[in-house]
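The values are calculated or read from the model by the stated rules, or taken from the named source; none is laboratory data. Not measured: the values here are computed from a predicted model. Glycine gets a Cβ as well: all are built from the backbone with ideal geometry, and neighbour counts include every protein chain shown. We work out accessible area using only protein heavy atoms, side chains counted, and drop any ligands, DNA or RNA first. Shrake-Rupley method; radii C 1.70, N 1.55, O 1.52, S 1.80 Å.
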Amino acid sequence: MKDTPNNHHLKREIGLFSATILVIANMVGTGIFTTSGFIMEELGNPQAMLLCWLVGGIFALCGALCYGEFCAKRSRQYAEKICGKGNCCCCNRGGALCYGELGAMFPRAGGEYVFLRESFGKGMGFLSGWISLIVGFSAPIAAAAIAFATYFFRILPASFSAKLTAPFLEIGILAISPITMLAITVIIIFSLIHYHSVFLGARVQNSLTVFKIGLIIVFVTAGFCMGNGSTENFSQGLEISLIFQDKFAISLIFITFAYSGWNAAAYLGGEIKNPVRNIPLALFTGTALVVCLYLLLNIIYIYALSPGEMSGVLEIGTKSAVSLFGDNISRYFSGAIAIGILSVLSAMIMAGPRVYYAMARDGVFFELFGKINGLRQTPVYAIFLQAVIAIIMVITASFDKLLLYIGFTLSLCAMLTVVGMMLLRIKKPDLKRSYKTFGYPVTPLLFILGNLWIIYFCIKSRPITSLFGLGTIGLGVLVYSYFRRKNRSA
């Protein structure tokens, strides 16, 4: 793994299509195929569940619009440092940026880490990066790998599958089974793919995501046209009071996990062509398409299953397919969903290491993780670090606890990022912005208030899970203090 002084920066190889596909891939996967049963268990009302998915989608769209401004602003600001006046081809919206010079000036990979660093300073930026390492990527990668393995074993004959999925080693919180072993295997394989090259990783990513989108469209269309469902499952009326209860906010935490990934293109800001135009466009387009796909999928779930049949089911996609098309389809559909989940696994493995790379380049993380492989042009050590943490989580955490832990902590981090964007509007009103948030200040305020609501009810109803999230942040503070003292003494 050769690393040379001339290969410290990432190359811009990702276009608008691949950036949009990355956003869709990072969102559509584990959450939509696994969480609706848990949400129905909380709410018990199909209308409330659909409303909950819509509200979560609006939050995600608000966040995407705010992040789009942040990404475009950072790209333009650093272009102006290079060009002086900001009126050359580097700075015009839609124009080509001086990629090599900008990359040497400022590695914009890193997403929220970079945004919070610029808004609140290195300390808050580090905490965001730390959360990304543990909660934003490693934990969702573990959850996606577990979901993939669970669906994969559904392909096998029932008796054979039951024998294989039973744990054969369980010691306290540590559990080893064929499911966990398969989950670990796919984490390793896709980490190696994204270590190989951005080109190969993007091609694999695009193929898996196109397959997944096609699967959803075919499933929804066939379900309504040929499926054995019932419109009576929608007959239960919506109780408005349910919206203001703990259960609705807890359900939004599951949905926050399902929508997480709408900011995926921002993490690869240093590798996206023409970022001033392409990052905001990819974030909004990808998120809007996913909101539509999620609503359609949940409508078909409800059409296929009654609230009682949905309640608490993990493999909600397979159970819906069986109800609509019969037992013979279940294995094929489980296999298709398993392949679709690989897309989100791949997307997170691709995006996450760019955060740890940016942290290391800023001197607030171990220098090793800021190195780029000279031959592959990928952050190899950061990729492998993420894989190790995800593997540990696979064998130590249950699926539903992972979802709540992820949703709570990421809501806090995303909210602070949007607060930072608003602070920069106040502190630097004269700063030129190539893209401005649509509906400002309503959209960022809606996003902030929505996440505060989720955080409050999570602390109230799931204090232990919340403590784990806050503990992760506390540990991050200690780690940052170590690096700060280290840098001062250097």
Do we find that Val388 is open to solvent by less than 10 Å² (accessible area, probe 1.4 Å), of a type in the set (A, V, I, L, M, F, W, C), more than 30 Å from Phe224 (Cβ to Cβ) and part of a helix (DSSP H, G or I) in this structure?
-> no
Matching entry among Val364, Val322 (being more than 23 Å from the chain's Cα centre (by Cα), modelled with pLDDT under 80 and over 25 Å from Thr256 (Cα atoms)) = Val364
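For the range 189-206, give me each residue that is open to solvent by 80 Å² or more (accessible area, probe 1.4 Å) and modelled with pLDDT of 85 or more.
Initial filter on the range 189-206 (open to solvent by 80 Å² or more (accessible area, probe 1.4 Å)): 189, 192, 199, 203.
Hits for the range 189-206 are Ile189, Leu192.
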Tell me, please, whether a residue that is modelled with pLDDT under 80, loosely packed, with under 13 Cβ neighbours inside 10 Å and either within 30 Å of Ala19 (Cα to Cα) or not small (Gly, Ala, Ser) (or both) can be found in the range 227-236.
-> no
Would you check if there is a residue in the range 354-376 being more than 18 Å from Leu215 (Cα to Cα), among the hydroxyl-bearing types (Ser, Thr, Tyr) and in contact with an Asp or Glu (Cβ under 9 Å, 6 or more places away or on another chain)?
-> no
Residue by residue through the range 174-225, note down the ones that are under 23 Å from Tyr357 (Cα atoms) and hydroxyl-bearing (Ser, Thr, Tyr).
-> Ser191, Tyr195, Ser197
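Any residue that is surrounded by 23 or more Cβ atoms within 10 Å (Cβ to Cβ) and at pLDDT below 85 - is there at least one of those in the range 53-60? Don't jump to the end; show me each part of the working.
Restricting attention to the range 53-60, the residues satisfying the condition of being surrounded by 23 or more Cβ atoms within 10 Å (Cβ to Cβ) are 53, 56, 59-60.
Filter once more, so that each one left must be at pLDDT below 85: 59-60.
The answer is yes; a qualifying residue exists.
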